[in-house]
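One structure is given below, encoded as C-alpha cells.
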Amino acid sequence: MKVYIDGKFLDEKNAKISVFDHGLLYGDGVFEGIRAYNGRVFKLKEHVERLFCSAKAILLTIPMTPSQVSAAVVATCRRNKIKEGYVRLVVTRGIGTLGLNPNRCKQPCVVVIADKIQLYPEKMYQEGMAIVTVPTTRNLPNALNPAIKSLNYLNNILAKIEANNAGCEEAVMLNSMGNVAECTGDNIFIVKGKQLLTPPLSAGALYGITRGVVLEMGKESGLTSGEPDLTRYDLYNADECFLTGTGAELIPVVKIDGRVIGEGKPGPVTLDLVRRYRTLTRSTGEPI
Ligand code: PXG
C-alpha cells in the first residue's frame, strides 16, 4: 500500500509522522472518513468542504486548495487500485515544540490513506443492532464543537468503551440537556408514522454527510422530515430507528436500552432507504 504524505507516495512501512507532530501530541488536527464504491469516490466534494470547515474552525490553514485535496484523494485511490474502499484524509497541525502553542508548528501535514473497508457483519444489517445510552455526554459545543471533525475523538471513544462494556457496538450520546445528540461514529434517525426525524445539529452532532443524503432521500419518498429535539422516550417509542455514517451506511436499530423498537426487526421505511442508499453509492461519485 502507498500512503500519500505531503505530496509524496510512501510505502506503507515508511509512511510515518514525527512524534513532535501536534496531531499526536495534542490531537490537534482534522480528518475525514470517505468511501469509494464501484470505482468512484462517494460525496468527495462534500467531504473536502467539511474538512476545510473543520480546519477553519480550529484556525488551521490547509496548505492546498480544495481541488488539490480532492485530486490527492483520487490519486491515492488510483495508486492503490481501490475500487471499493475506505479513505482516511487527515490534516495535522504539523511538527512543533513540546508545548501546545500551535503557532510553533510551521507546516500542517496532509495524509491520505486508501484501504479496504471493514464492514459491520451482514447479519446486523439484516436483523438490526442493539444500542445503549451511555453516561458520557457529547462534548459541549462551546468547549469542542461536535461539528468539528477533529483528531480529538476521546469523547466518542469513551462512549464507545461504555457501549462495548454493555455488549453493544454503538452508543447513543446525549447532550448536556439530556437530549439525543448522535452516536460515537454515526448520526441517529427515527421513523414515527410518516415522519423521518433526526436530532438538530444544534443538539451537538457532526454534520453527517450520510445524514444529509438520507434527509434528501426521505423527501423524495414523501416522508415529512424534521429535526426536533429528541429524548430517549422518543427513541423508545419510535416505529423504526437506524444509524447513518460513511462507515456504517444505514444500519437498522432494533433495541435501545433493552426496549424493543417497533416490531423488533428492521422496518419497511429503513429497508427502503437502505436499498436506495446502496443504489446511489454505486452509481454516483468522483471517478477514480
Ligand atoms: N458522527 C460522528 C461523531 C462521526 O464520526 C458521523 C456522525 C457520520 O458522518 P458521515 O459524514 O460519515 O455520514 C461520523 C462519521 C470509523 C468511521 O472508522 C467513522 C465515521 C466515518 C467513517 C468511518 O469508525 N464517522
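Things to note:
- Checking Asn164 against (1) more than 27 Å from His47 (Cα to Cα); (2) surrounded by 21 or more Cβ atoms within 10 Å (Cβ to Cβ); (3) within 14 Å of the ligand (Cβ to nearest atom), the condition it does not meet: (2)
- Of the residues making up segment 185-204, those that are surrounded by 24 or more Cβ atoms within 10 Å (Cβ to Cβ) and either at pLDDT below 95 or within 12 Å of the ligand (Cβ to nearest atom) (or both) are Asp186, Asn187, Ile188, Phe189, Thr198, Pro199, Gly204.
- Restricting attention to segment 116-140, the residues being within 13 Å of the ligand (Cβ to nearest atom) and at pLDDT 95 or above number 3.
- Enumeration of residues in segment 34-54 that are out of contact with any helix residue (DSSP H, G or I) (no Cβ under 9 Å at 6 or more places or on another chain) and either at pLDDT below 95 or surrounded by 20 or more Cβ atoms within 10 Å (Cβ to Cβ) (or both): Ser54
- Scope segment 227-258; condition in contact with a Gly (Cβ under 8 Å, 6 or more places away or on another chain), assigned to a loop (DSSP other than H, G, I, E, B) and either within 16 Å of the ligand (Cβ to nearest atom) or under 13 Å from Val172 (Cα atoms) (or both); matching residues: Thr231, Thr246, Gly247, Ala248
- Criterion violated by Val110 - all others in (1) in a loop (DSSP other than H, G, I, E, B); (2) touching a residue at least 12 places away in the same chain (Cβ under 8 Å); (3) outside the structural domain of Gly267 (by TED's automatic domain parsing) satisfied: (1)
- Counted residues, segment 1-58 - those being out of contact with any strand residue (DSSP E or B) (no Cβ under 8 Å at 6 or more places or on another chain) and aliphatic (A, V, I, L, M): 3
The values are calculated or read from the model by the stated rules, or taken from the named source; none is laboratory data. Computed from a predicted structure; not experimentally measured. Ideal geometry is used to build each Cβ from the backbone, glycine not excepted, and the neighbour counts take in all protein chains shown.
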